Structures are given as C-alpha cells and as structure tokens.
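The values are calculated or read from the model by the stated rules, or taken from the named source; none is laboratory data. For clarity, every value in this text was computed on a predicted model and none was experimentally measured. Positions of Cβ are backbone-derived with ideal geometry, glycine not excepted, and every protein chain shown enters the neighbour counts.
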C-alpha cells in the first residue's frame, strides 16, 4: 500500500506521513517495529479498547484540537499529555499486559 509519503529511509523515530484523499486529511504514523513510538501506539490502542470513558475523552480531545488547529503537527503534539496519562494507566493497571517493556513517560516528547 502506498501512503503518499516521500521518505524511504528506515529510521527509529516517529515519522508522520501527511496525505489527502478525496479531500480528507490523514496523518499516518509510521514506526520501526519495537520502537518507543510503536510501543506507545500499541499501548494507546489497548488502553482505549479497555476503557470506554478514556476512549470518549480521547475522541473529544482530538475533535477539539482539529477545531483549533489546522496544523497536523500541532494536532499530534497536542495529544501528548493525554498519551502520558495512557502510559501511566498501562503501567499501573493489573489487567493490561504487554510483551515488551513500556517506554517511560519522559521518553514521550512534550
């Protein structure tokens, strides 16, 4: 699948790919497997699947950010505080299990 990005370099850092399709904007996140960004995405997915109230809060935050900012980088970084909370929940909830070491909150960019 071609996402419309222009980099072919394999890097460990977070790499957003911004694209438009049928007039709608998308920002696809591309990570090296097992990078902290990949781990954070998996953790976020699993925590939001487990906690419907958090899922609704995250949805509301995303809509607010989209309404306030047209810049996808600002939109993405605007979710950082919420994602740090998600990591804290993943670290302390006894029902969540991961097959990898969770990244520390300090490893997530402000």
Taking the conditions exactly as written (part of a helix (DSSP H, G or I), under 20 Å from residue 37 (Cα atoms) and modelled with pLDDT of 90 or more), does residue 73 satisfy them or not?
no
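Okay, residues lined up against (1) in contact with a helix residue (DSSP H, G or I) (Cβ under 6 Å, 6 or more places away or on another chain); (2) surrounded by 14 or more Cβ atoms within 10 Å (Cβ to Cβ); (3) assigned to a helix (DSSP H, G or I):
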{"site": "44", "(1), (2), (3)": "yes, yes, yes"}
{"site": "49", "(1), (2), (3)": "no, no, yes"}
{"site": "57", "(1), (2), (3)": "no, yes, yes"}
{"site": "60", "(1), (2), (3)": "no, no, yes"}
{"site": "65", "(1), (2), (3)": "yes, yes, yes"}
{"site": "87", "(1), (2), (3)": "yes, yes, yes"}
{"site": "98", "(1), (2), (3)": "no, no, no"}
Farther than 29 Å from residue 24 by Cβ, surrounded by 12 or more Cβ atoms within 10 Å (Cβ to Cβ) and at pLDDT 85 or above: is that true of residue 82 in this structure?
no
What is the number of the single condition among (1) modelled with pLDDT under 80; (2) not in a loop (DSSP other than H, G, I, E, B) that residue 8 does not meet?
(2)
Which condition number does residue 93 fail, the rest of (1) surrounded by 12 or more Cβ atoms within 10 Å (Cβ to Cβ); (2) at pLDDT below 90; (3) in contact with a helix residue (DSSP H, G or I) (Cβ under 9 Å, 6 or more places away or on another chain) being met?
(2)
